[in-house]
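Data block below; observations after.
The values are calculated or read from the model by the stated rules, or taken from the named source; none is laboratory data. Remember, it's a predicted structure, so these values are computed and weren't measured experimentally. Note that each Cβ is placed from the backbone with ideal geometry, even for glycine, and that neighbours are counted across all protein chains shown. Surface areas here come from the heavy atoms of the whole protein model, side chains and all, with no ligands, DNA or RNA. Shrake-Rupley method; radii C 1.70, N 1.55, O 1.52, S 1.80 Å.
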Amino acid sequence: MEFPRIPLGQWIEGGLDFLTSEYSVVTRAISRVTQTGIEALNDSLMWLPEWVLMALIALLSWKVAGTRLAIGAAAGLALIWNLELWDPMIESLTLVVIATLVAVSIALPVGIAAALSERLYRTLMPVLDFMQTMPAFVYLIPAIPFFGIGSVSAIFATVIFSMPPAIRFTTLGIRQVPTELIEAADAFGSTRKQKLLKVQLPLSLPTVMAGINQTIMLALSMVVIAAMIGADGLGNEVWRAIQRLRPGDGFEAGIAVVILAMILDRLTQALRK
Amino acid sequence: MTDTQSVKIKVRNLSKVFGSNPKKGLELRDQGLKRPEIFEKTGLTLGLSKIDFDVHEGELLVIMGLSGSGKSTLIRCLNRLIEPTEGEIVIDGEDIPQLSDKELLECRRRHFSMVFQNFALFPHRTVQQNAEYGLEIRGVAKEERAEKARNSLKQVGLDGWEDALPNQLSGGMQQRVGLARALANDSTVLLMDEAFSALDPLIRKDMQQELLELQHRMKKTTVFITHDLDEALNIGDRIILLKDGEIVQIGTPEQILTQPADEYVERFIEGVDMSRILTARNAMRPVRATAREDDGPRTVLRKMSENGLDSIYVTSRERKLLGLVEVDAADQATKEGKQDISSVWHQDFACVGPDEPLHNLFAMFSEKSFPIAVVDEDKRLLGVVVKGAVLAELAESGDN
Ligand SMILES: Nc1ncnc2c1ncn2[C@@H]1O[C@H](COP(=O)(O)OP(=O)(O)O)[C@@H](O)[C@H]1O
Ligand SMILES: [Mg+2]
């Protein structure tokens, strides 16, 4: 007798169908809010003349990291501009910023809660493993029935894919605070809230920032892949280059992604210190 | 210290079992099993078993034992950083194990401040902010807590370092911050868990000395943990010896040394070189000048001024100690035209034998800090001990 194939895929599809039909009100609301956010940020970044934004980013780099990053950032952005990839770059940046904001604002409280509750920690860690090891573009598929083709789906998939490190590092950072310091805080009669705000969070900040840095990097890589479901930006340029078999265009867009990634990475790393 | 002293903390039948299902550990203990057997059978650790003792108001109580004997567990049960499995811990009428979470918070704020072995300073806060921590979480107003923290930093000799970060300081200085943080809080009891064990031997001696001075000045009830017998003997008013979670002896340093309760204590004190127990003889100085019982007030005044004294001991012809004359009293007697000094000397000073342990002398210095008289069995004056000499002698003993 042959053992029947388990219809795992069908079950999942059934579940997704159920969710999309039952919660369409919710998903549509989320969709609208997110779309507005994306457009607002995108428009204001586009509205700034290129050289102003370039100068602002260079200035910020100089403030937090010094002259080298400032020069590098300015040169990199100038190259992107020269390659006429400025607008797609801004679109990608917008998606990264919004996805990161959403991911971090979910990850911080969840990470803190998991650090303080052993039970939540134990249930959450396998979920995070799942979220991180599932191939990235699998998230794109359920995003479409929820939010349709376009940037909102891209944000949704990006948030899920990029959130785990921020949660993990927040939890890790808080758990890493030496027990002696926790004991000291307790011994003087700190409430849980005082302990969290005055001892645990300040001491875990560098670790939390490392997590946010990783989240940003993952978000950028996902935003590029999300071109497959119609997200605008540099990924879209690559996608078009593939379809038209123009490797030169593809590499140009790819280099722009690398430049953006390096600026974001060095900036957030510098913020840790 | 004496039995009449009032009790600050009363600990009765305190036990702690580590592990899940601790009651099982207590049952086995009651069946007569010891720590290793209980661990083998159940995996539970009998951290403390049937601990009874009092902490007296104003004393410096040392809890001593080898590593693993349960010292840290004991001190942490007092403020419930570790939950006791059974027993009473009564402080000012409150039974600490019975307190609700909220009451416990209040109790910790009012009664306990703690100094830790590895300092446990908050690395992201300055020295000043560390010292303010206890007051800050109690909601004390900004100026008041800054003032109090500055005062306690001054007390431990750290004025000028307020804005430094802990990792910019040496170990000894870091622990001073730890001490200042505890003192600023103005709690009724100071808990010190191996507070000096991480310090270099020399710095450690200094810190012991300073703690002694602070303690005598402030009369702060202190529970001090150490694994070092020398340290215990040097600073303890009383010592509790702990072994495998049980008390083997409670007594003054002298009692521990001279009447060890059992073989364990004997082995513990074997390492102590008895000659290093300093006595009044070590710190004694010859008397610069004495007055004779038949000297007139003018003579006495002259002897004092010639020797730069503001008080002078009076002896009989056989050098027996009769009393002490202060410069004001002699002056007064001269003005009143008195011919002898028998009416102006008094007995209001401390008088010890030459074998009196040095650390007992601290408490004897009166407010005016008259030198302590050292006399033999026949009350003949052998010499005097001035306050500075006690410190100097004790500090020196740390050097070898
Ligand atoms: N959280 C814990 N869980 C299990 N066993 C513990 C725990 N804390 C301490 N112990 C055990 O209790 C005993 C006493 O430890 P402790 O009080 O730290 O000793 P000390 O401070 O005298 O070195 C040791 O055997 C130690 O292993
Ligand atoms: Mg210990």
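Take the conditions (1) away from every other protein chain (no Cβ under 14 Å); (2) farther than 18 Å from residue B:78 by Cβ; (3) modelled with pLDDT of 95 or more; residue B:98 misses just one of them, which is (2). The set of residues in the range A:179-188 being modelled with pLDDT of 95 or more and more than 7 Å from every other protein chain (Cβ to nearest Cβ) consists of A:182, A:185. If we scan the range A:103-123, do we find a residue that is closer than 21 Å to residue A:229 by Cα, part of a helix (DSSP H, G or I) and among the β-branched types (Val, Ile, Thr)? No, because not a single residue in the range A:103-123 is closer than 21 Å to residue A:229 by Cα, part of a helix (DSSP H, G or I) and among the β-branched types (Val, Ile, Thr).
Residue-wise test of (1) modelled with pLDDT of 95 or more; (2) of a type in the set (Gly, Ala, Ser); (3) in a strand (DSSP E or B).
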site: B:20; (1), (2), (3): no, yes, no
site: B:24; (1), (2), (3): no, no, no
site: B:28; (1), (2), (3): no, no, no
site: B:39; (1), (2), (3): no, no, no
site: B:61; (1), (2), (3): yes, no, yes
site: B:77; (1), (2), (3): yes, no, no
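Here is a list: B:61, B:46. Which entry is within 14 Å of ligand 1 (Cβ to nearest atom), among the hydrophobic types (A, V, I, L, M, F, W, C) and under 31 Å from the mean Cα position of the chain (by Cα)? The conditions single out B:46. On the given criteria, is residue B:91 β-branched (Val, Ile, Thr) and at the interface with another protein chain (Cβ under 9 Å from one of its Cβ atoms)? Answer is no for this residue. Just to be sure before I move on: is residue A:238 in contact (Cβ under 8 Å) with a residue 40 or more places away in the chain and part of a helix (DSSP H, G or I) in the structure I sent? Here the answer is no, as residue A:238 does not meet what is asked. Listed by position, the helices (runs of 4 or more DSSP H) inside the range A:1-88 whose residues that are under 28 Å from residue A:238 (Cβ atoms) number at least 3 are A:24-47, A:50-65, A:67-82. Counting only helices (runs of 4 or more DSSP H) that sit wholly inside the range B:109-186, those with at least 1 residues that are away from ligand 2 (no atom under 16 Å from the Cβ) and acidic (Asp, Glu) are B:127-137, B:142-155. Annotation note: of A:145, A:135, the sole residue that is open to solvent by 20 Å² or more (accessible area, probe 1.4 Å) and touching a residue at least 24 places away in the same chain (Cβ under 8 Å) is A:145.
Could you tell me whether residue B:68 is farther than 27 Å from residue B:8 by Cβ, within 11 Å of ligand 1 (Cβ to nearest atom) and either assigned to a loop (DSSP other than H, G, I, E, B) or in contact with a helix residue (DSSP H, G or I) (Cβ under 9 Å, 6 or more places away or on another chain) (or both)? So residue B:68 passes the test.
Check residue A:83 against each of (1) over 26 Å from residue A:209 (Cβ atoms); (2) free of Cβ contacts under 8 Å to residues at least 24 places away in the same chain; (3) open to solvent by 40 Å² or more (accessible area, probe 1.4 Å) and name the one condition it does not meet. So residue A:83 meets the others, but not (2).
If you go through the range B:141-199 and keep only what is within 16 Å of ligand 1 (Cβ to nearest atom) and surrounded by 19 or more Cβ atoms within 10 Å (Cβ to Cβ), you end up with B:191, B:192, B:193, B:194, B:195, B:196.
Here residue A:205 passes the criteria (1) free of Cβ contacts under 8 Å to residues at least 24 places away in the same chain; (2) at negative phi except the one numbered (1).
Here is the figure for the range B:368-400: residues that are part of a loop (DSSP other than H, G, I, E, B) and at pLDDT 70 or above total 9.
Candidates are the residues of the range B:118-134 that are buried (at least 18 other Cβ atoms within 10 Å of the Cβ) and facing chain A (nearest Cβ under 9 Å); the one that is farthest from residue B:169 (Cα to Cα) is B:134.
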